[in-house]
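All remarks here apply to the structure that follows.
Bear in mind that the values in this text are calculations on the coordinates, not laboratory data. Keep in mind the model is a prediction, meaning the values are calculated, not measured. Every residue, glycine as well, gets a Cβ built from its backbone with ideal geometry; the counts of neighbours run over all protein chains shown.
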Amino acid sequence: MNRTFSIIKPDATKRNITGSINKIIEDNNLIIVAQKRLKLSKEKAEGFYAVHKDKPFFNDLIEYMTSGPVIVQVLEGDNAVENYRKIMGATNPDNAEKGTIRKEHALNIQENSVHGSDSITNAEIEINYFFEENEIISN
Ligand code: CMP
């Protein structure tokens, strides 16, 4: 049993498909133990994606991530980090497997509907970047 961090991104909130995404999450045995909707500031988005600051797509990524509401989530379950990465599918939806969130819902490599932590260590860091421990309620 562990936790991972998820963001439902602006392309998904704008299209009002957050429920469809949460259904895929819950159908795959992950429990949404914390969730809030917010608008990222430029500073908050830049801090979150600091690891990508030298990438050519960084400025576009920050503009996109601050273009509308996001939903930040903590997901809990067996092998949550690995499980959620499988459910999300490849970063580029063209390469994602059928049935994954990105294959079903993402628009392109940038507007790819969801983010999920890539390791248990990063999951902890990312969860702490958005949530206090008392906001996370396990079953
Ligand atoms: P995410 O998993 O949140 O991590 C970095 C984000 O940058 C990625 O999803 C995409 O939204 C965005 N992005 C845009 N272009 C690229 C690219 N060429 N490679 C990886 N990520 C990209």
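Numbers below:
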read-out: Under Karplus coefficients 6.51, -1.76 and 1.60, residue-wise ³J(HN,Hα) of segment 65-74 in Hz, glycine/proline x; value: 5, 9, 7, x, x, 10, 10, 9, 9, 10
read-out: Semi-axes of the equivalent ellipsoid for segment 1-132, Cα gyration tensor, largest first, Å; value: 20, 17, 14
read-out: Over the chain, relative contact order from alpha-carbon pairs under 8 Å, at least 6 apart, %; value: 38
read-out: For segment 82-99, 3J(HN,Hα) per residue [Karplus equation, 6.51 cos²θ - 1.76 cosθ + 1.60, θ = phi - 60°, Hz, x = Gly/Pro]; value: 5, 4, 5, 4, 5, 5, 5, x, 4, 3, 8, x, 4, 9, 7, 6, 4, x
read-out: Residues whose placed amide H lies under 5 Å from that of SER117, excluding near-sequence neighbours; value: PHE5
read-out: In Hz, Karplus ³J(HN,Hα) per residue of segment 31-46 (6.51, -1.76, 1.60; θ = phi - 60°; x = Gly, Pro); value: 9, 7, 9, 7, 7, 8, 9, 7, 10, 6, 7, 4, 5, 5, 5, 5
read-out: Under 10 Å, Cβ to Cβ, from TYR64 - net charge with Lys/Arg +1 and Asp/Glu -1; value: -3
read-out: Label point distance in nm, ASN59-GLU104, each placed 7 Å from Cα along Cα→Cβ; value: 3.7
read-out: Sum of -39500 (n - 2.57) over DSSP H runs of 4+, divided by residues of the chain (222 nm, nearest 500); value: -10500 deg cm²/dmol
read-out: Charge dipole magnitude, Cβ of K and R +1, D and E -1 - segment 1-136, Cα centre, debye nearest 20; value: 440
read-out: Potential lengthening between LYS39 and TYR129 on full extension [0.36 nm per residue; Cα-Cα distance subtracted]; value: 31.0 nm
